[in-house]
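Colleague: Submitted below is the structure of interest, expressed as structure tokens.
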Amino acid sequence: MQSPTETAPKAGKTQAASGHPSGDKRFKVLDITMKRSQFRQDALIEVLHKAQEAFGYLEEDVLIYVARKLQLPLSQVYGVATFYHLFSLKPSGAHTCVVCLGTACYVKGSGEVLAALEEKTGIKSGETTPDGQISIVTARCIGACGIAPAVVFDGKVAGQQGPEAAVDRLKQWQGDPS
């Protein structure tokens, strides 16, 4: 006999009504989103956005749950979750800094911006400071080539960022007056 977590979602309506075995109500939000899209596999990105909104990041068990519900290989779900920079597999800090490393930004100095941010925070791209305040991530391109180098601070794009300007922004987040 299979456990509820091993059962493939052949009848999505039955599964959606029963919810997640853990009883976590956030899974019900995912069920509603998947039911609305009729459990179509092409709704994966929308479902992952909803999952991240509900959980804060995409935990492994959430990815497994989505894969089973949409009847997709876990490798495909994981591949989509890791391809797009807007998805995170780890909890992010109170503040997020996304450095664009696209060609235009990189040519205009985003590599130096990233290096300065990493030095100031003591963390590497993809990490969060030990106090949970700042996460630094990189993106292949954010589509702001005309204002390169671009950095996204808490969802707001800032153009023509040099290392000093970017570090000054982090100092504001850290409450560092210097």
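Colleague: What dipole magnitude, in Debye to the nearest 20, does region 138-178 give about its Cα centre under +1 on Lys/Arg Cβ and -1 on Asp/Glu Cβ?
Modeller: 160 debye
Colleague: A follow-up question, please. Go through 49, 130, 38 and say which Cα lies farthest out towards the positive end of the charge dipole of the chain; charges sit on Cβ, +1 for Lys and Arg, -1 for Asp and Glu.
Modeller: Projecting each Cα onto the dipole axis, the largest value belongs to 38.
Colleague: Over the chain, with every protein chain in place, what whole percent of the accessible area is carbon and sulfur at 1.4 Å, could you tell me?
Modeller: Ligands and nucleic acids excluded, carbon and sulfur give 53 percent.
Colleague: Could you let me know the centre-to-centre spacing of region 55-87 and region 120-144, using Cα atoms, in angstrom?
Modeller: Cα centroid of region 55-87 versus Cα centroid of region 120-144: 21 Å apart.
Colleague: Mind checking the per residue accessible area of region 82-169 for me, 1.4 Å probe, whole number of Å²? Mind showing how you got there, number by number?
Modeller: On the way: 4580 Å² over 88 residues.
Dividing the accessible area of region 82-169 by its residue count gives 52 Å².
Colleague: Report the extension gain between residue 118 and residue 94 in nm, rounded to one decimal, defined as 0.36 nm multiplied by the number of residues separating them, less their alpha carbon distance.
Modeller: 7.0 nm
Colleague: Charges only on Cβ, +1 for Lys and Arg, -1 for Asp and Glu: so what's the dipole of the chain about the Cα centre, in debye to the nearest 20?
Modeller: With Lys and Arg at +1 and Asp and Glu at -1, about 820 debye.
Colleague: Continuing with this model, one more query. How much length, in nm to one decimal, is gained on full extension between residue 172 and residue 72, taken as 0.36 nm per residue of separation minus their Cα-Cα distance?
Modeller: Fully extending the segment from residue 172 to residue 72 adds 31.7 nm.
Colleague: Considering only DSSP beta bridges where both residues belong to the chain, give the percentage that are antiparallel (nearest 5).
Modeller: For the chain, the DSSP antiparallel bridge percentage is about 55.
Colleague: Still on this structure, I have one more. Would you work out which of 77, 149, 93 lies farthest towards the positive end of the dipole of the chain, given +1 charges on the beta-carbon of Lys and Arg and -1 on that of Asp and Glu, about the Cα centre?
Modeller: 77
Colleague: Can you pull the one-decimal nm distance between simple spin-label points at residue 140 and residue 85, each 7 Å off the Cα toward Cβ?
Modeller: Computed distance between label sites residue 140 and residue 85 equals 1.1 nm.
Colleague: At 222 nm, what helix-only mean residue ellipticity would the chain give, in deg cm²/dmol to the nearest 500, using -39500 (n - 2.57) for each DSSP H run of four or more?
Modeller: -13000 deg cm²/dmol
The values are calculated or read from the model by the stated rules, or taken from the named source; none is laboratory data. Bear in mind that the values here come from a model prediction, so they are computed numbers and not experimental data. Neighbour counts run over all protein chains shown; Cβ positions are idealised from the backbone, glycine included. Ligands, DNA and RNA are stripped out before the accessible areas are found, and what is left, the full protein with its side chains, is counted by its heavy atoms. Shrake-Rupley method; radii C 1.70, N 1.55, O 1.52, S 1.80 Å.
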